[in-house]
Amino acid sequence: MFDRTGLVGLGIAVLVSTSACRMTDDPPKKDQATSPATPSTLDTPAPTTSAAPTPRPANAPQFVDAPATGDVPDVVIAQLAQMQEQGHLIVYVGATWCEPCQRFHEAVKSAQLDSDLQGFTFLAFDMDRDRDRLVRAGYTSHYIPLFVIPGSDGRSSGKQIEGSIVGPGAPQQITPRLLALVTK
């Protein structure tokens, strides 16, 4: 025999686990991922070896963690000055609980996107920690991850992409959209 209450609870748990990284209840805007793929479990990391890692190219994509305090435009302008107009600065907004964010982060850090995103620097903000100061600087979205080309004043230029699919294909879904964003 089976317990119907247990089956109903299982059904609710499955429905809750299929949600995407949506930030608001407003309707999606143009250029957003609106129908996430079926979620999958995180891949098990491969065993590590004692061999030295292959050196990454000098212009490999990288994350730079934004400080926890300070006005966002000032933080962005400081990063732009440090880059001296070399490469692309993208303001990246994610969260630790967002699976597409986790997958994209891991793909960049593990050199999987080195050839595709050469010269990209992602100035990383956390949606949960930085939401208020991001909104004041115009960095808003309905979905995360959020990728924005900053204006010369450090505020959002409005040129952005947001959201992705859930699952291992997230980095491959995000990459061509990022490349299109910087070539517009």
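What the table shows:
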quantity	calculated
Region 71-136: mean projected area of Cα convex hull, nm²	4.9 nm²
Prolate/oblate/rounded label for region 47-184 (Cα gyration tensor, a/c 1.5)	prolate
Taking only Cα atoms of region 111-184, radius of gyration then Dmax in Å	12.8, 35
Environment charge of residue 57, counting only residues whose C-beta is closer than 14 Å and scoring Lys/Arg +1, Asp/Glu -1	-1
Net charge dipole size for region 105-158 [Lys, Arg +1 and Asp, Glu -1 on Cβ; Debye, nearest 20]	240 debye
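A short reminder: the numbers here are calculations on the coordinates, not readings from a lab. Fair warning: this is a prediction, and the values are worked out from it, not measured in the lab. Backbone-built Cβ (ideal geometry, glycine too); neighbour counts: all protein chains shown.
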